[in-house]
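*Asks:* Below is one structure. I have some questions about it.
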Amino acid sequence: MPNGKPAGVRCAQLSAEERCLLFGDTRRPAVCVSLRPSPEMCGTTRAEAIHYFEILEATTAR
Ligand code: SF4
């Protein structure tokens, strides 16, 4: 996404299977490469992970 991914918008590089289409590709954004998953971030279910990211996006939205 040339101007970055706005909060609340699904990344254009996320496949229907919820996988990054740029994983292992040099075009993958540096912020994505540097992000390290943690138990706090991922939770124990997909719903918990989505909730965590919703909070992150809401608190960092401009
Ligand atoms: S890792 Fe980055 S580029 Fe890949 S799907 Fe997620 S936000 Fe998009």
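The values are calculated or read from the model by the stated rules, or taken from the named source; none is laboratory data. Just so you know, these numbers come straight off a predicted model, no measurement behind them. Cβ atoms come from the backbone with ideal geometry, glycine included; neighbour counts cover every protein chain shown. Heavy atoms of the whole protein, side chains included, go into the accessibility calculation; ligands, DNA and RNA do not. Shrake-Rupley method; radii C 1.70, N 1.55, O 1.52, S 1.80 Å.
*Asks:* Go through region 1-12 and give me each residue that's open to solvent by less than 60 Å² (accessible area, probe 1.4 Å) and within 9 Å of the ligand (Cβ to nearest atom).
*Replies:* 11
*Asks:* For region 42-62, how many residues meet the condition of being open to solvent by less than 80 Å² (accessible area, probe 1.4 Å), in a helix (DSSP H, G or I), more than 11 Å from residue 8 (Cβ to Cβ) and not hydrophobic (A, V, I, L, M, F, W, C)?
*Replies:* Number satisfying all stated conditions: 1.
*Asks:* Within region 13-41, how many residues are more than 12 Å from the ligand (Cβ to nearest atom) and either touching a residue at least 24 places away in the same chain (Cβ under 8 Å) or surrounded by 10 or more Cβ atoms within 10 Å (Cβ to Cβ) (or both)?
*Replies:* 1
*Asks:* Given the conditions (1) part of a loop (DSSP other than H, G, I, E, B); (2) at pLDDT 90 or above, and given that residue 1 satisfies all but one, which numbered condition is not satisfied?
*Replies:* Going through (1) part of a loop (DSSP other than H, G, I, E, B); (2) at pLDDT 90 or above one by one, residue 1 breaks only (2).
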